[in-house]
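Each value in this text was obtained by applying a stated rule to the coordinates, not by laboratory testing. A quick note: this is a predicted structure, and the numbers were derived from the prediction, not measured. For neighbour counting, all protein chains shown are included, and Cβ atoms are generated from backbone atoms with ideal geometry for every residue, glycine included.
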Amino acid sequence: MQMSTCKFLMGIILAFVVSEGMFLFAEETALTLYVTRHAQRGPRTQWPEADQEKTVIGEMIDGKIVRVNENTITPLGEKQCQLLGQHLKKLEFNGKVYASPTFRTMQTAVCTIREIDPSMKVIPEPCLQDGGNRKAPAKGISIAELMKRFPGNVQEVELPELWLYANETTREQWNVRMEKFLESLLKKEPAGKVLLVGHSSTLPSLFIAINKRMTDKRLTIQHYPQYVVNCCLYVYKFNKEGKVIDATLENWNYLPEDMQTLNFSPLKKVVPWKKNRYVGK
């Protein structure tokens, strides 16, 4: 009788272990997606006076200062990138890096990866650019120039000459673009680790697309505007079905309070995000 009872209990325990194991396997992380915004940027006239003559990453070509005709990250922005890279290294990030081809995002990405592994390369990805309110597609910085400005740290890819988008001015248009991009990315990078570097205008649209894939809506991070600071860091874990099984906001784990910026706009003091505090709409 006792033997039968023991066998019965062992059977129940075994069935539980197997079922739990299958559940855990189903929820095993396939892809860890890291998402950040570029570092603090702005025209030199806005920089602190002591910084205005400083050279930042990507402004030197063959030993000469060659500045670009667009906003660059600031010296403070460089420090933000360095801290981001050091934090990602602690998180054991060693995957692929995609960045909007704009100068400030490429600066951010390259400055960040050099803290992790100086041999890493950034993949320019036009889909990560900000909104395009111009009337026609426009010429952006070329892959050749990016490779000159960031030697050894840019993946040589085909980048259309007119890669700057046009006639994209609404949140709905950005939502469509970023949802298509996420779907494509999950097919291209179904497993491993990936870092995306983008902009405050279109990253919220990416987060909206990600939120649609949540297995639990309590994981949804209230993302805009207070949590899209320069060099913010979102971490999403996807299972093999492309569903989000975990989400974390890492800003407050590595950025000192005096380095949390929205470029040069006032930054309202906000309570650090905690899991399950906010539920997405």
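Count charges around HIS199 for me, please; just the other residues with Cβ under 14 Å from its Cβ, Lys/Arg as +1, Asp/Glu as -1. Mind dumping the intermediate values first?
Working: positive: ARG37, ARG41, ARG104, ARG171, ARG177; negative: GLU70, GLU125, ASP130, GLU168.
Its environment carries a net charge of +1.
Using 0.36 nm per residue of separation minus the Cα-Cα distance, give me the extension gain between VAL68 and ALA136 in nm, one decimal. Provide the component values of the computation, followed by the final result.
Values: separation 68, 0.36 × 68 = 24.48 nm, distance 2.15 nm.
My answer for the length gained is 22.3 nm.
State which entries of LYS64/LYS187; LYS148/LYS240; LYS96/LYS243; LYS188/LYS268; LYS64/LYS121; LYS135/LYS268 exceed 30 angstrom in Cα-Cα distance in the structure shown. Before the final figure, lay out each step's value.
Numbers: LYS64/LYS187 41 Å; LYS148/LYS240 38 Å; LYS96/LYS243 20 Å; LYS188/LYS268 38 Å; LYS64/LYS121 23 Å; LYS135/LYS268 34 Å.
Violating the 30 Å limit, Cα to Cα: LYS64/LYS187; LYS148/LYS240; LYS188/LYS268; LYS135/LYS268.
What number comes out for the charge environment of PHE264, summing +1 per Lys or Arg and -1 per Asp or Glu over other residues with Cβ under 13 Å away?
On the way: positive: ARG41, ARG44; negative: ASP51.
Charge balance near PHE264 sits at +1.
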